[in-house]
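Every number in this text was worked out from the coordinates using simple rules, so none of it is lab data. What you see is a predicted model, and the numbers here were worked out from it, not measured in a lab. Don't worry about glycine lacking a Cβ; one is built from the backbone with ideal geometry, like all the others, and counts go over all protein chains shown.
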C-alpha cells in the first residue's frame with residue numbers, strides 16, 4: 001500500500017483525486033499494489049464528494065506523516081509550492097507536480113535534492129498536459145543526440161490564433177471567446193504574452209540539452225501584435241501563424257531559446273494543430289523529427305499525466321528516475337546568427353520605390369501587394385539572419401513588421 | 001560492462017551496430033555503464049568496417065556465451081528468428097527485436113518465456129520504426145483505459161497514396177517510384193496488400209487491450225484498388241485517403257481490428273501525415289486523443305528505437321519490464337455494428353434514377369456528380385453500418401464502391 005497526499009484541489013488536483021480514487025482498481029492492477037489517497041490539502045473542505053473526509057488545510061500533517069510516500073503538487077505558482085515541495089523532498093518523500101512555473105524556476109535545485117535523498121521528482125504534466133513528452137524524449141530517444149525541440153506549447157494562444165485564422169475573428173474577440181469558454185484566464189497575460197509557453201520550452205530545453213534554462217534568459221514575445229492582415233498575408237504565402245517555443249543547440253554547445261509568433265509552412269504537421277491542442281517536435285540525429293500531439297491542458301488530460309507519474313513513483317519508490325539536468329549559467333543561452341527565412345510586411349507611401357528596393361534586395365521572390373493600403377508582404381529566401389536584416393533595413397518603407405518562420 | 005550480440009546486419013542491424021559502436025561514449029554516459037558489441041551474426045563477413053572483427057556465422061556461439069546479456073534480433077521473418085529468439089530467452093538472455101512479424105505471430109509466447117526467466121523482451125522498433133509509441137502508451141498513459149488505437153502504420157503505402165494525391169500519379173507509377181527510391185521491396189505484396197500494417201496493428205491492439213491478436217484474425221485490405229478518381233472524389237468531399245490500421249474495444253470487451261483504405265477528414269491531423277512518415281493515434285478515457293508521429297522505417301530511425309531498448313535492458317538486467325499481454329482467443333475479435341459514415345461511389349447507366357434513389361435514402365447529403373462517366377460520389381450521414389449497407393443496397397446502380405471513413 002502506497003500513501004499519497006494531493007496538495008491543491010483545483011482543476012488538475014480534483015482530476016487527480018478522481019482518477020486515483022474512482023479508478024483505484026484499474027490503477028492498482030497496473031502497478032500491482034494499492035494506492036491510497038490519504039490527504040488532500042486545500043484551503044477549504046469540499047462537501048458531498050465520495051472523498052470529502054480526506055481534506056485537510058495544514059501542510060505539516062502531510063510533511064510529518066511518515067506514511068505518506070508520494071506527494072502530488074497541483075497548487076501552481078511558486079509560493080508556497082516551492083517551499084512545500086522542497087520540504088517534502090528533504091523529508092524523503094517523492095513529489096509529482098504539474099507546476100511548470102515551479103519546474104522552470106527551480107527544477108535543477110529540486111532535482112538535486114531528490115537525487116540526494118534518493119527519491120523521485122517527476123513532472124510529465126508540466127509540459128503538454130496529458131501528452132507523453134518528457135519520458136519518451138528521455139527514454140525512447142536516449143540513443144540520440146537531440147538538436148532541436150520546438151512546438152505549440154500553449155493551448156489558449158493556439159485557440160485564439162486558430163479562431164482568427166478560421167473565422168476571421170479579431171484578436172480581442174477571439175480572446176473574449178476563449179475566456180467565455182474557460183480556455184483563458186480573466187487575466188490572460190501569462191498565456192497571450194508567451195510566459196506560459198516560455199516556462200515549458202525552458203523545461204524541454206533543460207531536459208533535451210542537460211542544463212537549466214531560466215525563463216528570464218528566453219526572448220519571449222506573445223501574440224498580441226498579430227493582426228488579421230498578418231494572418232491573411234501569411235496564408236497567401238503558404239504559411240499559418242502559430243506561437244512557437246523553440247530551443248536549438250549550436251555546434252559550440254550553446255543553446256538558443258525563443259518564444260515568438262512564427263510562420264509555419266502549411267506542409268508542416270504543426271500547421272495542422274488546431275484549437276486548444278499542443279504538439280511538441282523533437283529532432284534527434286538518428287531518429288529525425290518526431291512529434292507528440294494531444295490535449296495540452298484540461299482537467300482529466302493533465303490528471304492522466306500526473307497519475308502516470310504517481311504510478312511510476314509507486315513502482316519505483318526510492319529509485320531515482322531519469323529526469324535530470326544541471327544548474328544553468330549565464331553564457332549558456334546565446335543568440336546565434338543562423339540561416340533562416342523571414343516574413344516581412346512593408347507599409348509604404350512610395351509603393352513603387354519599395355517594390356523596386358525589394359526586387360534589388362531579394363530578386364524574384366514572391367510578394368503579395370495591396371496598393372490601396374500600401375502594404376507589401378513577402379517571405380525572404382534563406383540567408384543568414386544578420387544579412388537578411390541588413391537587406392531589410394536598406395529597403396524604403398514607412399514601417400516594417402518582421403516575423404520568423406519555422 | 002554489458003555484452004550485446006546483434007543477429008542480422010541488414011538495414012536495421014547495421015544501423016544498430018553503428019550506433020552502439022560509434023556512439024558508444026554517448027550511450028555509456030546515458031546508462032552509466034559500458035556496452036560492448038561482442039558478436040554480429042551474419043551469413044557473411046563485412047570487410048573494411050571498424051567492427052569487421054565481430055562477425056560470426058554460428059548462432060551457437062552467441063547462445064552458449066554466458067557473457068552475452070542482451071541479444072538484438074534484426075533478421076526479420078519467422079525462420080530462424082523465432083527459434084533463435086526463443087532459445088536466447090530460455091538461456092536467460094534479454095532480447096530486443098525490430099521484427100514485427102515475429103512479435104505479431106509469437107509475442108504472447110515469447111513474453112511468457114521472458115517473464116518466466118525474469119529477463120526482458122522489448123520491441124519498440126517493431127511498430128512505428130523510431131517513433132516512441134509502445135513505451136509511452138504503456139507507461140505514460142497507464143492511468144487511462146484505452147478505447148482505440150489507429151494510425152498510418154506503413155510508410156510505403158503512405159508514400160504511394162501521397163504521390164497519387166499530390167502529383168496525380170497512377171498507382172502503378174507511384175509504386176514503381178517507391179521501388180526506385182528503395183521505399184518498396186521488389187515484391188511489394190507485404191506493404192501494398194496491408195500485411196505489414198496488419199502486423200503492427202496486432203501488436204498495438206495486444207498492448208492496448210491486453211490480449212494477443214493474430215494477423216489471421218484481422219480483416220486486411222490493401223491499397224491496390226484505390227484509383228485516382230477515388231482520391232479526387234474523396235478530396236472534393238473534404239477527405240484524404242490513407243491506409244489506416246485500427247483497433248477498437250467494444251463495451252462487451254471484444255475488440256474490432258481492421259486494416260483498410262480509409263477516408264480521413266482533412267481537419268484530422270492524420271490527413272497531414274505525408275510521404276514515408278507514420279503516425280499512431282491512441283485514445284484514452286482521461287487523456288483523449290494523443291498522436292505520435294515520425295519516421296516509421298529507415299536505418300537510423302529504427303536503430304534509434306532498438307538502441308533505446310538495449311539501453312533500457314542494460315539498466316534493468318533481470319528486471320522484467322512492462323510490455324506484456326495474454327494469449328488471444330477465437331472469440332475475442334469481432335465485427336461490431338457501429339455508427340459510421342461510408343463513402344460510396346456509384347456508377348450508373350440511369351443517372352437520374354440513381355440520384356433519386358440517393359435522395360430518398362440519404363436526404364440532402366452532398367454528392368459529387370459526373371454525368372459523363374455516370375459516377376456519383378458521396379459520404380453518407382452517420383448511421384449504423386448495417387443500416388447504411390441496407391440503404392446502399394437499395395439504390396440502383398451498375399456498380400458501387402464502398403470505403404470506410406475514420
Report, to two decimal places, the Cα Rg of region A:358-404 normalised by 2.2 N^0.38 Å (N = number of residues). 1.12
Likely footprinting exposure, A:82, A:293, fewest C-beta neighbours within 10 Å first: A:82, A:293
Run the label-point distances for residue B:224 please: 7 Å along Cα to Cβ, every other copy, nanometres, shortest first. 6.2
Starting from the Cα of residue A:83, step 7 Å along the direction of its Cβ; do the same at residue B:373; then give the gap between the two resulting points in nm. 7.3 nm
Computed over all unlike Cα pairs, the Kirkwood hydrodynamic radius of region B:219-330 in Å stands at 17.4 Å
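Percent of Cα-Cα pairs more than 16 Å apart in region B:284-363, please.
Details: 2516 of 3160 pairs.
Value for region B:284-363 (Cα pairs over 16 Å): 80 percent.
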Add -39500 (n - 2.57) for each DSSP H run of 4 or more in chain B, then divide by its residues: what number comes out at 222 nm, to the nearest 500 deg cm²/dmol? -10500 deg cm²/dmol
Relative to the compact-globule estimate 2.2 N^0.38 Å (N residues), the Cα gyration radius of chain A stands at a ratio of 1.09
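Counting pairs of alpha carbon atoms under 8 Å apart in space and at least six apart in sequence, what relative contact order in percent does region B:218-310 give? It would help to have the intermediate numbers written out before the result.
Details: 109 pairs, mean separation 19.3, N = 93.
Answer for region B:218-310 is 21 percent.
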Tilt, helix A:155-167 to longest principal axis of chain A (alpha-carbon atoms), in degrees rounded to tens, equals 40 degrees
Of A:289, A:124, A:101, which is the most mobile in a GNM of chain A whose springs link Cα atoms less than 10 angstrom apart? A:289
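So in chain B, what percent of DSSP beta bridges are antiparallel if you round to the nearest 5? It would help to have the intermediate numbers written out before the result.
Working: 46 of 71 bridges.
Approximately 65 percent, going by the DSSP bridge assignments.
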In the protein assembly as shown the DSSP beta bridges are antiparallel at a rate, in percent to nearest 5, of 65 percent
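Please order A:196, A:309 by the number of other Cβ within 10 Å, starting at the fewest.
Values: A:196 28, A:309 33.
Placing the least packed residue first, the sequence is A:196, A:309.
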Geometric extent, Cα atoms of the protein assembly as shown - Rg, Dmax (angstrom): 27.7, 83
Out of A:366, A:174, A:234, a Gaussian network model of chain A with alpha-carbon springs under 10 Å gives the largest mean-square fluctuation to A:366
Any idea what angle helix B:81-90 forms with the longest principal axis of chain B, computed on alpha-carbon atoms, 0 to 90 degrees, nearest 10? 50 degrees
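Which whole number gives the average, over all residues in A:267-279, of C-beta atoms from other chains lying within 10 Å of the residue C-beta? Mind dumping the intermediate values first?
Values: counts 4, 2, 9, 2, 1, 8, 3, 3, 1, 0, 5, 0, 3.
Averaged over the peptide's residues, the number is 3.
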Semi-axes a, b, c in Å (a largest) for region B:100-219, each sqrt of 5 times a Cα gyration tensor eigenvalue, come to 31, 16, 13
Could you work out how far the C-alpha centroid of region B:136-150 sits from that of region A:1-60, in angstrom? 22 Å
Can you list the copy-to-copy distances for residue B:252, using a point 7 angstrom from Cα toward Cβ, in nanometres, shortest first? 6.8
Using the basic label-point model (7 angstrom from Cα toward the beta carbon), what is the residue A:47 to residue B:326 distance in nanometres? 4.5 nm
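Could you tell me the relative contact order of chain A? Use alpha-carbon pairs under 8 Å, at least six residues apart, and round to a whole percent.
Numbers: 870 pairs, mean separation 72.6, N = 406.
Computed value for chain A: 18 percent relative contact order.
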Inter-part distance where region B:153-187 and region A:66-133 are each reduced to a Cα centre, Å: 48 Å
Defining a contact as two alpha carbons under 8 Å apart and six or more residues distant in sequence, what relative contact order in percent does region B:1-84 show? 41 percent
Cα-only radius of gyration and Dmax that characterise region A:199-257, units Å: 14.7, 40
Projected label distance in nm at residue A:56 and residue A:356, using a 7 Å step from Cα toward the beta-carbon: 7.9 nm
Suppose R0 equals 56 Å; then what is the FRET efficiency for residue A:33 and residue B:349 from their Cβ-Cβ distance, rounded to the nearest 0.05? 0.25
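Give me the orientation-averaged projected area of the Cα convex hull of region B:269-406, in nm², one decimal.
Details: hull surface 55.5 nm².
That works out to 13.9 nm².
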With chain B treated as a Gaussian network of Cα nodes joined by springs under 10 Å, which of B:151, B:288, B:48 yields the largest mean-square fluctuation? B:48
Kindly give the distances from residue A:363 to its copy-mates, label point to label point, with each label point 7 Å from Cα along Cα→Cβ, as nm values to one decimal ordered shortest first. 5.8
Helix B:171-180 sits at what angle to the longest principal axis of chain B, using alpha carbons and giving 0 to 90 degrees rounded to 10? 20 degrees
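Take peptide A:302-310, look around each residue's Cβ out to 10 angstrom, count Cβ atoms belonging to other protein chains, and average those counts. Don't jump to the answer; show the numbers that get you there.
Numbers: counts 2, 3, 11, 5, 1, 5, 10, 4, 2.
The per-residue average across the peptide is 5.
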Determine, for B:63, B:356, B:270, the number of other Cβ atoms within 10 Å of each Cβ, and report the residues in order from fewest to most. B:356, B:63, B:270
